[in-house]
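A short reminder: the numbers here are calculations on the coordinates, not readings from a lab. Keep in mind that what you see is a predicted model, and the values were worked out from it rather than measured. Because the Cβ atoms are built from the backbone with ideal geometry, glycine has one as well, and the counts that use them run over all protein chains shown.
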Amino acid sequence: MGVRFTDMEWARWGCRQTGFRYVLYGRDTPQSLLSLWRNHPVSKPWLSAQQRGVATYFRHEGQEYAYRHYYRGGWPARWIRDRYFWLGLARSRPWRELSLLAEMNRQGLPVPPPILAVVYRTGLLGYRADLVTARLEGISLVEAIRSGQTIDWTRIGETIRRFHDWGIQHADLNVGNIWLAPGGEVYLLDFDRARKHSRGTPRFFGRSLRRLRRSLGKQPGGTQQAQAWDALIQVGYHREPALPPEAPVQ
């Protein structure tokens, strides 16, 4: 179950409703940035990400931001591209992701600072949505692997363990959602459908680790990535995950 804004958090965040459009935003978000979503956000040609989990970067008044439109994945995407069933604002995907990002950012976890989220009602039962965060310097782990860069696998393992120690379960932990900053910092991205559990409940995290291992195994250099996984888990994460035999690194 996702976290929600507390009264203290609402002192720093606000919600603006115009017709069937809701904008969740930080109190220090520039009004000029909010005005970009005055019309239907999906219609903007300069925000053109067309794939699930893909962000588009844009600059506004000297600041750079990452924009992601919510697209469906899996078999539902064959029929419903970017609409979700409306169960109320507090149960919408952007509300949950933004509130979780705000909580993690407040706790000092390495995530992109949240800026705003938009929920746009479509009919009685559906909605579309956007999320905007600050842009981070650096490259994704998948880019680093494919370009042959030196990677601090131990630090990646340490970072993942930090999130798990706080009870954060990433729903899609893969090499594309691990971000390597120029100073060596490691960030995690894309917390759509992520969950926060009580601390000390590691049984929830094996699925995320198995997903990451499968993602790592699809990258070039199978033997090297197997050794990298050992460093990530045994040295960085400090716990051997219970992985099934059918999910080896190729």
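Here's the picture: charge each Lys and Arg Cβ at +1 and each Asp and Glu Cβ at -1 in the stretch 139-237, and of 208, 234, 159 the one pushed furthest to the positive end of that dipole is 208. In terms of packing, defined here as the mean over residues of other Cβ atoms within 10 angstrom, the peptides 59-69, 104-114 line up highest first as 104-114, 59-69. Restricting the stretch 137-235 to trypsin sites (Lys or Arg not before Pro) that sit in a DSSP loop and have at most 11 other Cβ atoms within 10 Å of their own Cβ leaves 199.
Restricting the chymotrypsin sites (Phe, Trp or Tyr not before Pro) of the stretch 142-230 to loop positions (DSSP other than H, G, I, E, B) with no more than 15 neighbouring Cβ atoms within 10 Å leaves 166. Taking packing as the residue-averaged number of other Cβ atoms within 10 angstrom, the listed peptides 14-27, 127-140 run from highest to lowest as 127-140, 14-27.
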